[in-house]
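Chemist: The structure under discussion is supplied below as structure tokens; questions concerning it will follow.
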Amino acid sequence: MFTKIDKEIIDLLKKFLNSDQIIIDREKFEDYSHDELPGLKFYPELVVFPKNTEEVSRVIKLANKFNFPIIPRGGGSGLTGGAVPVYGGCIISLEKMNHILEIDSDNLMVTVEPGVITGVLQEAVEKQGLFYPPDPASMDVCSIGGNLAEGAGGPRAVKYGTTKDYVVGLEFVTPTGEICQVGGKLVKDAAGYNLIGLLVGSEGTLAIITKIILRLIPLPEFVSDLLIPFSDFKKAIKSVSEIIKAKILPSTIEFLDRESIKAYREFVKKPIQFEDAEAHLIIQLDGNSKEVIEELYEKIWEICEKFGAEDIAVADNPQVRQRLWEGRRSLLDSLKAISPIVDVEDIVVPRASIPDFVEEVIKLGKKYKVRVANFGHAGDGNIHVNILKEEIPDSDWHELTPRLRKDIFQLAVKLGGEITGEHGIGYAKKDYLSLSTSQVEIDLMKKIKKVFDPNNILNPGKIFE
Ligand SMILES: Cc1cc2nc3c(=O)[nH]c(=O)nc-3n(C[C@H](O)[C@H](O)[C@H](O)COP(=O)(O)OP(=O)(O)OC[C@H]3O[C@@H](n4cnc5c(N)ncnc54)[C@H](O)[C@@H]3O)c2cc1C
């Protein structure tokens, strides 16, 4: 179906790429053969590292001429196999296009190349009193381009939304090699279809994003984190709905179930706060007045106490806060220390349905005799259901995971949810897309794909065949 990449193609690439911009040795392909989705590995035939948009366009034009697949890649931290070259071909790694081009404090905008690491961008704008809120837990390794492609979110989505809410301008290269600019440093833009909205979340299947303009907001002056233990996870989640009902909007409301707390305790190998609890809530409040924040956490404590919370720890100094969040961000690593293979699902349901969802998932875990740990963004209904392989033999694991996954997705859909809240469909979930997406919608998506990519060379095999 696709042409193999041969010497003729490589020689043509070498006419405009330097030797440090091409990898052709199979031994060096390892890092590019997988992302963070366990068990999916395909080797590319070539990896290239363009340094500018023009080079991206020239590689794509060659791919069209010779009919080989191209796969955009950022930090490789995806959890659905999005950057894995399932049909071989050429990976276009954006890691050398990693410059912050301009922080414009007059317009509260930042212009970046796609390979900028999300955490690096956040630190750079914060030094100027500005704030880029989307905070995927992988922000030390993932790239802004990958965040756009996945529509990434993070704990702060409750108050600040996700990546899509910050993109105001884009430069991209189409799958036929044209360079296109849309939007700009604009707070409003109503000219024609919203192509930015279409490309954010398109999982590297419609275009390669080469420059991004993001909206910034002023950095809140005060931030406090609360760690609240519960002896009943249902009550922990119910208190989340009450907090929102009381018109309090924290910047994050994260929850960890018993299995996740246990895994983290085992991982750090030292006592952790409230380690015997059935559930933890981590709530972050931010704003420009310390008094207002203190008033809010008093109110939150009153609500949580009513729902059986027995204690509270308040972290308002930066070191303690950092430790708390490092813990939260290392949860997946904690689970991987117990079970190197962890199947991570990131369903989303209406906030109020979380208790019913988690209760049913625990039952499913018992039915399939597999350990399941749940944690995630309670404030926005996005739960990470982590299925641990542990000692389960490979053949049993391959037989049970598709069935269990389907049950979990059907449960989410029954409760009015979706099969993914932030990790995307990629390769891992394409067989399940129709569980929550109508045929009409899927057909429209396929037609859009065809318009952008008539030769189907950009990231084939992702979202749908
Ligand atoms: C420990 C851990 C925690 C995580 N926590 C979160 C979280 O809190 N929230 C969340 O949303 N996700 C999370 N993720 C998932 C992952 O980090 C995100 O999906 C992230 O956005 C991927 O970015 P990346 O640069 O690593 O992209 P990659 O994995 O390299 O690629 C992801 C997709 O984007 C495409 N792509 C990459 N760059 C471009 C580009 N310039 N143009 C077009 N397409 C492109 C690729 O083709 C692929 O389809 C987590 C992952 C891990 C391992």
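Chemist: In the stretch 152-173, which residues are among the aromatic types (F, W, Y) and either surrounded by fewer than 22 Cβ atoms within 10 Å (Cβ to Cβ) or modelled with pLDDT under 95 (or both)?
Modeler: Applying the first criterion (among the aromatic types (F, W, Y)) to the stretch 152-173 yields 160, 166, 172.
Within the stretch 152-173, just Y160 meets the criteria.
Chemist: Do you know which residues across the stretch 346-391 are small (G, A, S) and within 22 Å of Y264 (Cβ to Cβ)? First the steps, then the outcome.
Modeler: Going residue by residue through the stretch 346-391, those that are small (G, A, S) are 352-353, 365, 373, 376, 378-379, 381.
G365, A373, G376, A378, G379, listed by residue number.
Chemist: Can you tell me which residue among V173, V240 is touching a helix residue (DSSP H, G or I) at 6+ places or on another chain (Cβ under 7 Å), within 16 Å of the ligand (Cβ to nearest atom) and of a type in the set (A, V, I, L, M, F, W, C)?
Modeler: Numbers: V240 fails: within 16 Å of the ligand (Cβ to nearest atom).
Of the residues listed, the single one that is touching a helix residue (DSSP H, G or I) at 6+ places or on another chain (Cβ under 7 Å), within 16 Å of the ligand (Cβ to nearest atom) and of a type in the set (A, V, I, L, M, F, W, C) is V173.
Chemist: In the stretch 111-136, how many are more than 16 Å from the ligand (Cβ to nearest atom) and surrounded by 20 or more Cβ atoms within 10 Å (Cβ to Cβ)? Talk me through it step by step, then tell me what you get.
Modeler: First, the residues of the stretch 111-136 that are more than 16 Å from the ligand (Cβ to nearest atom): 123-131.
Narrowing the set further to residues that are surrounded by 20 or more Cβ atoms within 10 Å (Cβ to Cβ) leaves 125.
Residues that pass the stated criteria total 1.
Chemist: Quick one: in the stretch 341-353, which of the residues that are at pLDDT 90 or above and not in a strand (DSSP E or B) is surrounded by the fewest Cβ atoms within 10 Å (Cβ to Cβ)? Even if it seems obvious, please write down each step before you answer.
Modeler: To start, the set of residues in the stretch 341-353 that are at pLDDT 90 or above comprises 341-350, 353.
Still in the running and not in a strand (DSSP E or B): 341, 349-350, 353.
Working: I341: 15, V349: 22, P350: 13, S353: 20.
Of everything passing the filter in the stretch 341-353, P350 is surrounded by the fewest Cβ atoms within 10 Å (Cβ to Cβ).
Here's the yes/no breakdown for (1) touching a residue at least 12 places away in the same chain (Cβ under 8 Å); (2) within 13 Å of the ligand (Cβ to nearest atom); (3) surrounded by fewer than 18 Cβ atoms within 10 Å (Cβ to Cβ):
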{"site": "L37", "(1), (2), (3)": "yes, yes, no"}
{"site": "K41", "(1), (2), (3)": "yes, no, yes"}
{"site": "V47", "(1), (2), (3)": "yes, yes, no"}
{"site": "A63", "(1), (2), (3)": "yes, no, no"}
{"site": "N67", "(1), (2), (3)": "yes, no, yes"}
{"site": "P72", "(1), (2), (3)": "yes, yes, no"}
{"site": "G78", "(1), (2), (3)": "yes, yes, no"}
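Chemist: If a residue has to be assigned to a loop (DSSP other than H, G, I, E, B) and free of Cβ contacts under 8 Å to residues at least 40 places away in the same chain to count, how many in the stretch 298-340 make the cut? Can you show your working first?
Modeler: First, the residues of the stretch 298-340 that are assigned to a loop (DSSP other than H, G, I, E, B): 307-312, 316-317, 330, 339-340.
From what is left, the residues that are free of Cβ contacts under 8 Å to residues at least 40 places away in the same chain are 317.
Qualifying residue count for the region: 1.
Chemist: Residues of the stretch 206-235 being in contact with an Asp or Glu (Cβ under 8 Å, 6 or more places away or on another chain), under 22 Å from D316 (Cα atoms) and not in a strand (DSSP E or B), which ones?
Modeler: L219, P220
Chemist: Look through A149, A137 and report the one residue that is at pLDDT below 95 and under 13 Å from the mean Cα position of the chain (by Cα). Show your work before the answer.
Modeler: Details: A149 fails: at pLDDT below 95.
When all the criteria are applied, what remains is A137.
Chemist: Moving on to the next point. For the stretch 174-211, how many residues meet the condition of being surrounded by fewer than 17 Cβ atoms within 10 Å (Cβ to Cβ), in contact with a strand residue (DSSP E or B) (Cβ under 7 Å, 6 or more places away or on another chain) and among the small types (G, A, S)?
Modeler: Count: 1.
Chemist: From the list L415, L433, L458, L444, which one is in contact with an Asp or Glu (Cβ under 8 Å, 6 or more places away or on another chain) and either of a type outside the set (S, T, Y) or surrounded by 13 or more Cβ atoms within 10 Å (Cβ to Cβ) (or both)?
Modeler: Working: L433 fails: in contact with an Asp or Glu (Cβ under 8 Å, 6 or more places away or on another chain); L458 fails: in contact with an Asp or Glu (Cβ under 8 Å, 6 or more places away or on another chain); L444 fails: in contact with an Asp or Glu (Cβ under 8 Å, 6 or more places away or on another chain).
Within the list L415, L433, L458, L444, the selection yields L415.
Chemist: Identify the residue in the stretch 409-456 that is more than 14 Å from the ligand (Cβ to nearest atom), in a loop (DSSP other than H, G, I, E, B) and β-branched (V, I, T) and, among all such residues, is nearest to G146 (Cα to Cα).
Modeler: Residues of the stretch 409-456 that are more than 14 Å from the ligand (Cβ to nearest atom), as a first pass: 409-417, 419, 431-448, 450-451, 454-456.
Retained after the next criterion (residues that are in a loop (DSSP other than H, G, I, E, B)): 415-417, 419, 437-438, 454-456.
Those left that are additionally β-branched (V, I, T): 419, 437.
Working: I419: 20, T437: 23 Å.
So the residue we want is I419.
Chemist: Among G201, G145, which is within 13 Å of the ligand (Cβ to nearest atom), assigned to a loop (DSSP other than H, G, I, E, B) and not charged (D, E, K, R)?
Modeler: Numbers: G145 fails: assigned to a loop (DSSP other than H, G, I, E, B).
One residue alone meets the criteria, G201.
The values are calculated or read from the model by the stated rules, or taken from the named source; none is laboratory data. Since this is a predicted model, take the numbers as computed values, not measurements. Glycine gets a Cβ as well: all are built from the backbone with ideal geometry, and neighbour counts include every protein chain shown.
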